[in-house]
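The values are calculated or read from the model by the stated rules, or taken from the named source; none is laboratory data. Computed from a predicted model, the values in this text were never measured in an experiment. Backbone-built Cβ (ideal geometry, glycine too); neighbour counts: all protein chains shown. The area values use the complete protein model at the heavy-atom level, side chains included, leaving out ligands, DNA and RNA. Shrake-Rupley method; radii C 1.70, N 1.55, O 1.52, S 1.80 Å.
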Amino acid sequence: MESVARGESKLNLAQRLTNALSSENKRWAENVVSLREDAKMLTGDVLIASAFISYVGPFTKPFRTQLMDEVFQPFLQTEFQKITGEDGLMPMSADTSPMKILTSPAEIAKWNADFLPADAVSAENGSIVCNTSRWPLLIDPQLQGIRWLKQKESSPDRNLQIVRLGQKDLIR
């Protein structure tokens with residue numbers, strides 16, 4: 001009798017697990033569809049993110065936005081159309097944001113925990129620093145991000161050097 005009760009208990013637990021996973025199956029199916037759509041837009045989104053990393057570091061937030069919206073996106077669309085023909089539109093997300101390609105909210109939260117300020121420009125600067133192999137030029141007028149940058153890049157093999165605009169030996 002005891003083994004029958006255990007068997008029924010296991011069956012009950014298995015049925016509950018199956019029902020719970022069936023609802024997850026719907027969510028997973030929706031995620032697969034979303035990821036397939038995102039993959040189609042990857043070319044344009046990565047081009048925009050690359051332009052962002054390469055060119056916007058030394059500028060203020062309003063000018064960064066202007067560069068992205070009024071210069072880079074139209075330029076890339078025009079050049080893509082020249083290559084593919086008049087009907088060719090560059091595959092790009094409607095709400096193209098370099099930050100969606102370059103980082104995640106979890107990574108930004110980690111940076112904030114490591115003393116990077118929680119404003120948009122600091123998050124953009126963090127994404128530039130973390131996604132480039134060269135030496136980025138960033139604007140930090142209030143010196144809020146310098147603590148995070150020193151902590152992140154100060155290992156001896158990184159050879160971090162911080163310079164200021166008015167420094168006499170700036171060009172060494």
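Please identify the pairs in which a residue from segment 109-120 that is aromatic (Phe, Trp, Tyr) has its Cβ atom under 6 Å from the Cβ atom of a residue that is modelled with pLDDT of 90 or more, counting only partners at least 6 apart or on another chain.
111/126
Can you name the condition, by its number, that residue 129 falls short on among (1) outside any loop (DSSP other than H, G, I, E, B); (2) loosely packed, with under 14 Cβ neighbours inside 10 Å?
Going through (1) outside any loop (DSSP other than H, G, I, E, B); (2) loosely packed, with under 14 Cβ neighbours inside 10 Å one by one, residue 129 breaks only (2).
Take residue 101 and decide whether it is of a type in the set (A, V, I, L, M, F, W, C), in contact with an Asp or Glu (Cβ under 8 Å, 6 or more places away or on another chain) and closer than 19 Å to residue 47 by Cα. Working first, answer last.
Values: of a type in the set (A, V, I, L, M, F, W, C): yes; in contact with an Asp or Glu (Cβ under 8 Å, 6 or more places away or on another chain): yes; closer than 19 Å to residue 47 by Cα: yes.
Judged against the criteria, residue 101 is a match.
For the structure I just gave you, tell me whether residue 65 is surrounded by 13 or more Cβ atoms within 10 Å (Cβ to Cβ), among the polar types (S, T, N, Q) and free of Cβ contacts under 8 Å to residues at least 60 places away in the same chain. First the steps, then the outcome.
Working: surrounded by 13 or more Cβ atoms within 10 Å (Cβ to Cβ): yes; among the polar types (S, T, N, Q): yes; free of Cβ contacts under 8 Å to residues at least 60 places away in the same chain: yes.
Criteria met by residue 65.
Please enumerate the residues belonging to segment 33-59 that are of a type in the set (Gly, Ala, Ser), in a helix (DSSP H, G or I) and surrounded by 15 or more Cβ atoms within 10 Å (Cβ to Cβ). Reasoning before the result, please.
Step one: of segment 33-59, the residues of a type in the set (Gly, Ala, Ser) are 34, 39, 44, 49-51, 54, 57.
Among the residues that remain, those that are also in a helix (DSSP H, G or I) are: 34, 39, 44, 49-51, 54.
Once the filter is applied, which keeps residues that are of a type in the set (Gly, Ala, Ser), in a helix (DSSP H, G or I) and surrounded by 15 or more Cβ atoms within 10 Å (Cβ to Cβ), segment 33-59 yields 44, 49, 50, 51.
For residue 71, indicate whether it is of a type in the set (A, V, I, L, M) and under 21 Å from residue 145 (Cα atoms).
Numbers: of a type in the set (A, V, I, L, M): yes; under 21 Å from residue 145 (Cα atoms): no.
No.
On the basis of being open to solvent by 100 Å² or more (accessible area, probe 1.4 Å) and in contact (Cβ under 8 Å) with a residue 24 or more places away in the chain, does residue 165 make the cut? Steps first, answer last, please.
Values: open to solvent by 100 Å² or more (accessible area, probe 1.4 Å): yes; in contact (Cβ under 8 Å) with a residue 24 or more places away in the chain: no.
Against the criterion (open to solvent by 100 Å² or more (accessible area, probe 1.4 Å) and in contact (Cβ under 8 Å) with a residue 24 or more places away in the chain), residue 165 does not qualify.
Of the numbered conditions (1) without any contact (Cβ under 8 Å) to a residue 24 or more places away in the chain; (2) out of contact with any Phe, Trp or Tyr (no Cβ under 7 Å at 6 or more places or on another chain), residue 126 fails exactly one; give the number of that condition.
So the condition that residue 126 fails would be (2).
Of the residues that make up segment 75-94, is at least one touching a helix residue (DSSP H, G or I) at 6+ places or on another chain (Cβ under 8 Å) and of a type in the set (Ser, Thr, Tyr)?
yes
Among the residues of segment 93-120, what is the count of those that are over 12 Å from the mean Cα position of the chain (by Cα) and crowded, with 20+ Cβ neighbours inside 10 Å?
Looking only at that region, the number is 2.
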